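Every number in this text was worked out from the coordinates using simple rules, so none of it is lab data. All values reported here derive from a predicted model rather than from experimental measurement. Here the Cβ is made from the backbone with ideal geometry for all residues, glycine too, and neighbour counts use every protein chain on show.
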Amino acid sequence: MLPQDSHIRAHLLTLGAFVCFGLMSPLCKWAMESGMVTGVSMASFRLCGAALLFWLVSPLVPRQQIERRDWLPLVLMSLCGMGINQFCYVLGVQYTSPTNACVITTTTPVFTFILAALFLHAAVTWRRVAGLAIAAAGALILILGSQMHGGRSGSPLGDAICLVSQFSASLYFVFFSGVIRKYHPVVLMRWLFLISAVLTSPLWGAEVYNLPWESLGLPEILGSAYVVVFGSFISYLLMIVGQRHLEPPTVTAYNYIQPIIAAIVGILLGVDALTWQKVVAVLCIAAGVWAISRKPA
């Protein structure tokens, strides 16, 4: 049983992590509005910047050597959990609205359940199947709403790219849980970000080199800095501590503040618009994830 102050601290840190995540998509969109910084460039900033910051703090945690047999899983993890996941997410934000991107992040438990049921023989119940159907309906409502409204309300292409991002993240959680539990989170993150930055460098090297650095304004600089420092580094550190003390369903519940924060900040920055489809989609996906996440009776 955790002391009361430790339990409260875990909740506050987890809340802080998801506030950081929620702010990331509208600020990322704000930074890309001029077109000088694209999704590819922003993804490279995120991967390289987070790698640098995690390596800088790694002397503060216990030293761990990566075992030889874990290097191949580590490379695959870096592609699923960081490379494809974060590249697709930022690219998705470039084309869709910040709220849509955040709503879609809440579908990760749905993809995780599907993969676990297919490959790990996770228990399949009628309640979980119903939850899957409700969450899928929510995602469909969101994408169709984007197609209907367009513009600031989102885009089906961006929504689809964000869905690929969350599917990639679910591969990371389902197939590499053993390696995830084996190493200290900071040790793991420093290698995952570094490997993913190196592996994806052919995709972003030329674009970052040709970026008009001298022309970048305040939105591009502040938005990019936020994505690297708070949206990637600080948020992950806060999540690491919070997840050690809270049950997964509790952590999942905090995920639903992301669309609310993204919608408010995105509208204030003029990069988003709220529609009834987004509200319905959030409610459907939240209900579906709740049904899926509950342990079978």
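Odds and ends about this structure:
- Stokes-Einstein D in µm²/s, Kirkwood radius over Cα pairs - the chain at 20 °C with 1.002 mPa s viscosity: 110
- Loop-located trypsin sites (Lys or Arg not before Pro) in region 12-117 (DSSP state other than H, G, I, E, B) with a sparse environment of at most 12 neighbouring Cβ atoms within 10 Å: Arg63.
- Compactness relative to 2.2 N^0.38 Å, alpha carbon Rg of region 1-108: 1.31
- Label-to-label distance, Leu120 versus Asn210, with points set 7 angstrom from Cα along the beta-carbon direction: 4.3 nm.
- Report note on the peptides 199-207, 266-274: ranked by the mean count of other C-beta atoms within 10 Å, highest first, their order is 266-274, 199-207.
- For region 67-148, a/c is not less than 1.5, where a ≥ b ≥ c are the root eigenvalues of the C-alpha gyration tensor, and a/b does not top b/c. That puts it in the oblate class.
- Computed from backbone phi, the HN-Hα couplings of region 86-94 come to 7, 4, 5, 5, 5, 4, x, 4, 4 Hz, rounded to whole numbers (Karplus: 6.51 cos²θ - 1.76 cosθ + 1.60, θ = phi - 60°; Gly and Pro given as x).
- Cα pair distances of region 195-297 binned at 5 Å [whole percent]: 2, 8, 11, 16, 16, 16, 15, 9, 5, 1, 0, 0, 0
- Ellipticity estimate at 222 nm from DSSP helix runs (n ≥ 4, -39,500 (n - 2.57)) divided over the chain, nearest 500: -24500 deg cm²/dmol
- Paramagnetic reach from Val229 (point 7 Å along Cα→Cβ, amide N under 19 Å) across region 24-45: 24-32, 42-45
- For region 78-234, the alpha-carbon coordinates run over 58, 46, 26 Å along the three principal axes, in decreasing order.
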